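Asks: Input: one structure, supplied below.
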Amino acid sequence: MSRRIRFAGVSKAYAQRAGGNRDVLRDFDFEIAAGELVAFVGPSGVGKSTLLHLAAQLDVPDRGAVTIGADGEYPGRLGIVFQQPRLLDWLTVRQNLELVLDGHDDARIDELLAIVEMKDFVDAWPRTLSGGQRQRVALARAFAVKPEVLLLDEPFSALDELTGRRLRLLLQQLWLKGRPPTGILVTHNMQEAAFLADRIVILQGHPARAVDVIDVDLPRPRSPEDECIFHIHRRVIACLSGFSQTNRLEGVS
Amino acid sequence: MNGAQQASLPTTARGASGWRGASMRLLRMFPGWRLWRFYPALLFCVLAVLGWECMARVLHSALVPDVGTIAGEISRILTSGEAFTQIGITLWRIVLGFAAAFIVSVLIGIACARRPAVRIFFEPAIVLGLTVPGLVWTLLCVIWFGVSLATPVVAIALGIAPTLILTVIQGVNSVDPDIMEMARAYRLRRVDVFRRIWWPSLIPFLFSGARIGFSLAWKVIVLVEIFGLSDGVGYKLNSEFSLQNVEGVMAWTIVFWLAMSVLEYGVFQNAERALSQWRREART
C-alpha cells in the first residue's frame, strides 16, 4: 500500500558558517498523493534534498510536520536511492539486499537482481562492480523492502548518460511492477524528471517556494524518445530560466 | 605458473615489468620463495645474532654472554618444559586481562564515539589511564587483591583499556556517515547496524588496538609477576635477575618474544586475514 506524503507548514533553517541562520524552507505546504511520483527540480542549494531528507526522517523540521500516510500512522516501508550507491563493501550483492530485508528472501532478491540485470553478480563484492552496476544494486535494494515510499536523491547523476538512461528504464520497470509506491525524485536532470515523474515541482528562491508545478500526464511505460517528454523538458528549462509565463501546464499529451 | 601461485603474488608483482619483474623471476628460482615477505625479518634476526656475537667476543664479559650460551639456556628451559608451563601461565593471565579490557573498551568506546556527553564523562578516566604508569596499577592491584588471579587481570585491564577505548572511538568515527545515513533511512535494527556496519569497520582498528594492547599487557604482567606472584615469565625473569644470570634473563625474554611472534603471525595475522577476506577478493 502506498501512502500520501504531506508537508504541512514546514520550516527549516541551517546555521551558516558566517553566523546567523539561512531559511531553506518557510511554511512550505505540499501534498503528494498515494502512488504518485513527484520530481523536485531547481537550482543547487534551493532545498530539494532538504525536502527529501525530511521525508526520509533523516532530519526534522524546525516548524510544521511531514506526515506519511494518515496522522500518527506508522510511516511505512521506505526505499531510498542516493546519488552514490552506499553499498557495504564487505557484504556481497546478495547480503547488501538481505540487510534491508527482515529475513532471507532469496526468491525476491533473485527476481529484483534479474530485473536490474545483476543476477550474475549476486555473490560479487561491490568494489568489483562498475558505478552503474553498483547503482543497479542500490535500485534493487530500494525495491527489496517493497517500499510504500520511494525517495530518489539524484540517483543517476553520478553515471554517464547511457548508463543513466538504462537505469531510468529499469527504474520505470520496477515502478510498474506491483503497486507503485509514493515517490519523491530530486534531480537536476529535467529530462529525467519529465520521463519519470507524474508532477514536476519547480523550486526557486530562499526560502524555497514552488514557482511552478507541471503535470506530466503521460501513460506508463514511457519512452525516453517520446516527443512529449522533450516538450515538458523544454518547459521546465524555460521556467527555470525565468522565461516561463505559465503557472501551470496540464495535459501535454 | 598456476592460478594459486598467481594469486599468492603481491599485486605489484603481478604483471610487473622491468627490474621488478626480473627480481621476482629471480626470487622464484629459490626454494621456499613464497616466504619471500619474511626474508627481511629473517635478515634482521641473523644480523642481530651476528652483532650480539661480535659484541660478546669483543667485550668478553659475563654480563654479555655469547650466542651459544644463550642458546644453551634457551634449549634448557625449552626441553625441561618449564618455558611452556610459565609462558602458558603468563599468556593465560594476559588473555584474561585483555578480554576484560576488550569487552569494557568496546562498550565504552562505542558509547563515547556516539554520545559526546559520554566521551566528556570518560575523558578524565582515559587521560588518567594513559598517563599513569603500569607500575602504579601493578602496585595497587597487588595491595588490593594480593596473590590472586584478579591482580594480573585487573592490572592488565586498567593498563590497556584506555588505549583500546581510543582505538574503538577512532574505529567508530571512521564509519562512513553516508552509510550510517543509509542505515537510518532503511531503519535498520541496532543489532544489524552493530553487526553489519560498525563491527566490520572496527575490525582493522581492533586488531591494531589488540597488538598495542598485548604489547602493553606484556609490560604490565611482568611487573605483576615480579611484585605479587610466584610463577609466570615475570617471576622467572626476576629469579634469574636475583642470581645475576644474564643468559637466563635473555633466554626467558627471547622465548617469550618467540611466543608473542607465534601469536602475531599465527593468530592475529591469520584472524585479520580471515575477517577481511572481502578486501583481497575484491582486489582480485
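The values are calculated or read from the model by the stated rules, or taken from the named source; none is laboratory data. Quick caveat: nothing in here was measured; it's all calculated off a predicted structure. Cβ sites come from the backbone with ideal geometry, for glycine too, and all protein chains shown count toward neighbours. When the accessible area is computed, the model is the full protein with side chains, heavy atoms only, and any ligands, DNA or RNA have been set aside. Shrake-Rupley method; radii C 1.70, N 1.55, O 1.52, S 1.80 Å.
Asks: When the range B:56-89 is examined, which residues are found to be in a helix (DSSP H, G or I) and open to solvent by 80 Å² or more (accessible area, probe 1.4 Å)?
Replies: Of everything in the range B:56-89, those that are in a helix (DSSP H, G or I) and open to solvent by 80 Å² or more (accessible area, probe 1.4 Å) turn out to be B:57, B:58, B:59, B:76, B:79, B:84.
Asks: Which members of the range A:87-109 meet the condition of being among the charged types (D, E, K, R) and either more than 14 Å from every other protein chain (Cβ to nearest Cβ) or open to solvent by less than 40 Å² (accessible area, probe 1.4 Å) (or both)? Full working, then the answer.
Replies: Residues of the range A:87-109 among the charged types (D, E, K, R): A:89, A:94, A:98, A:102, A:105-106, A:108.
If the condition is that a residue be among the charged types (D, E, K, R) and either more than 14 Å from every other protein chain (Cβ to nearest Cβ) or open to solvent by less than 40 Å² (accessible area, probe 1.4 Å) (or both), then A:98, A:105, A:106, A:108 are the ones that fit.
Asks: Something else now. Which residue pairs have Cβ atoms under 6 Å apart, sit 6 or more places apart or on different chains, and have a first residue in the range B:167-193 that is within 10 Å of chain A (Cβ to nearest Cβ) and a second that is open to solvent by 60 Å² or more (accessible area, probe 1.4 Å) and at pLDDT 90 or above?
Replies: none
Asks: Can you tell me which residue in the range A:110-125 is modelled with the lowest pLDDT, limited to those that are in a helix (DSSP H, G or I) and surrounded by fewer than 23 Cβ atoms within 10 Å (Cβ to Cβ)?
Replies: Applying the filter and picking the extreme gives A:115.
Asks: With respect to residue B:227, determine if the residue is open to solvent by 50 Å² or more (accessible area, probe 1.4 Å) and either in contact (Cβ under 8 Å) with a residue 60 or more places away in the chain or closer than 24 Å to residue B:163 by Cα (or both).
Replies: So residue B:227 passes the test.
Asks: Filter the range A:163-192 for residues that are open to solvent by 50 Å² or more (accessible area, probe 1.4 Å), in a helix (DSSP H, G or I) and closer than 18 Å to residue A:111 by Cβ and give the result.
Replies: Matches in the range A:163-192: A:169, A:173, A:176.
Asks: Going through B:14, B:34 one at a time, which residue ends up being closer than 30 Å to residue B:67 by Cβ, surrounded by 10 or more Cβ atoms within 10 Å (Cβ to Cβ) and at pLDDT below 70?
Replies: Of B:14, B:34, the one residue that is closer than 30 Å to residue B:67 by Cβ, surrounded by 10 or more Cβ atoms within 10 Å (Cβ to Cβ) and at pLDDT below 70 is B:34.
Asks: A further question follows. Consider residue A:57 carefully, then state whether it is within 14 Å of chain B (Cβ to nearest Cβ) and on the phi < 0 side of the Ramachandran plot.
Replies: Spelling it out, it is not the case that residue A:57 is within 14 Å of chain B (Cβ to nearest Cβ) and on the phi < 0 side of the Ramachandran plot.
Asks: Moving on to the next point. Working only within the range A:31-60, note down all residues that are out of contact with any helix residue (DSSP H, G or I) (no Cβ under 7 Å at 6 or more places or on another chain), of a type in the set (A, V, I, L, M, F, W, C) and either under 20 Å from residue A:175 (Cα atoms) or buried (at least 20 other Cβ atoms within 10 Å of the Cβ) (or both).
Replies: Hits for the range A:31-60 are A:32, A:33, A:34, A:38, A:46, A:51, A:52, A:54, A:55.
Asks: Quick check on the range B:275-284. Is at least one of its residues touching a Lys or Arg at 6+ places or on another chain (Cβ under 6 Å) and either within 14 Å of another protein chain (Cβ to nearest Cβ) or assigned to a helix (DSSP H, G or I) (or both)?
Replies: Yes: the range B:275-284 contains one or more residues that are touching a Lys or Arg at 6+ places or on another chain (Cβ under 6 Å) and either within 14 Å of another protein chain (Cβ to nearest Cβ) or assigned to a helix (DSSP H, G or I) (or both).
Asks: Considering the range A:126-162 alone, what residues qualify as being more than 30 Å from residue A:68 (Cβ to Cβ), at pLDDT 90 or above and outside any helix (DSSP H, G or I)?
Replies: A:129, A:130
Asks: Run residue B:205 past the list (1) out of contact with any Phe, Trp or Tyr (no Cβ under 7 Å at 6 or more places or on another chain); (2) without any contact (Cβ under 8 Å) to a residue 24 or more places away in the chain and report the number of the one that doesn't hold.
Replies: Tallying (1) out of contact with any Phe, Trp or Tyr (no Cβ under 7 Å at 6 or more places or on another chain); (2) without any contact (Cβ under 8 Å) to a residue 24 or more places away in the chain, residue B:205 fails exactly one: (2).
Asks: With the structure loaded, tell me whether residue B:247 is modelled with pLDDT of 85 or more, more than 14 Å from chain A (Cβ to nearest Cβ), surrounded by 13 or more Cβ atoms within 10 Å (Cβ to Cβ) and touching a Gly at 6+ places or on another chain (Cβ under 6 Å) or whether it fails that test.
Replies: Here the answer is no, as residue B:247 does not meet what is asked.
Asks: Right, another one. Determine whether the range B:201-217 contains at least one residue that is assigned to a helix (DSSP H, G or I), crowded, with 19+ Cβ neighbours inside 10 Å, at pLDDT 90 or above and over 14 Å from the mean Cα position of the chain (by Cα).
Replies: No: the range B:201-217 contains no residue that is assigned to a helix (DSSP H, G or I), crowded, with 19+ Cβ neighbours inside 10 Å, at pLDDT 90 or above and over 14 Å from the mean Cα position of the chain (by Cα).
Asks: Evaluate the following for residue A:24: is it on the phi < 0 side of the Ramachandran plot, away from chain B (no Cβ under 14 Å) and crowded, with 18+ Cβ neighbours inside 10 Å?
Replies: Against the criterion (on the phi < 0 side of the Ramachandran plot, away from chain B (no Cβ under 14 Å) and crowded, with 18+ Cβ neighbours inside 10 Å), residue A:24 qualifies.
Asks: Do we have residue B:225 as closer than 16 Å to residue B:63 by Cα and in a helix (DSSP H, G or I) here? Give the derivation first.
Replies: Numbers: closer than 16 Å to residue B:63 by Cα: no; in a helix (DSSP H, G or I): yes.
Against the criterion (closer than 16 Å to residue B:63 by Cα and in a helix (DSSP H, G or I)), residue B:225 does not qualify.
Asks: Quickly run through the range A:216-244 and pick out the residues that are open to solvent by less than 40 Å² (accessible area, probe 1.4 Å) and touching a helix residue (DSSP H, G or I) at 6+ places or on another chain (Cβ under 9 Å).
Replies: At the first step, the residues of the range A:216-244 found to be open to solvent by less than 40 Å² (accessible area, probe 1.4 Å) are A:216, A:218, A:222, A:224, A:228-229, A:232, A:236, A:238-239, A:244.
A:216, A:218, A:222, A:224, A:228, A:229, A:232, A:236, A:244, listed by residue number.
Asks: If you don't mind, there's one more thing I want to ask. Report yes if some residue within the range B:150-173 is within 30 Å of residue A:82 (Cα to Cα) and in contact with a Pro (Cβ under 9 Å, 6 or more places away or on another chain); otherwise report no.
Replies: So far as the range B:150-173 goes, yes, one or more of its residues are within 30 Å of residue A:82 (Cα to Cα) and in contact with a Pro (Cβ under 9 Å, 6 or more places away or on another chain).
Asks: Taking residue B:238 and the conditions (1) among the polar types (S, T, N, Q); (2) crowded, with 16+ Cβ neighbours inside 10 Å; (3) within 14 Å of chain A (Cβ to nearest Cβ), which numbered condition does it fall short on, given that it satisfies the others?
Replies: Going through the list (1) among the polar types (S, T, N, Q); (2) crowded, with 16+ Cβ neighbours inside 10 Å; (3) within 14 Å of chain A (Cβ to nearest Cβ), residue B:238 breaks only (3).
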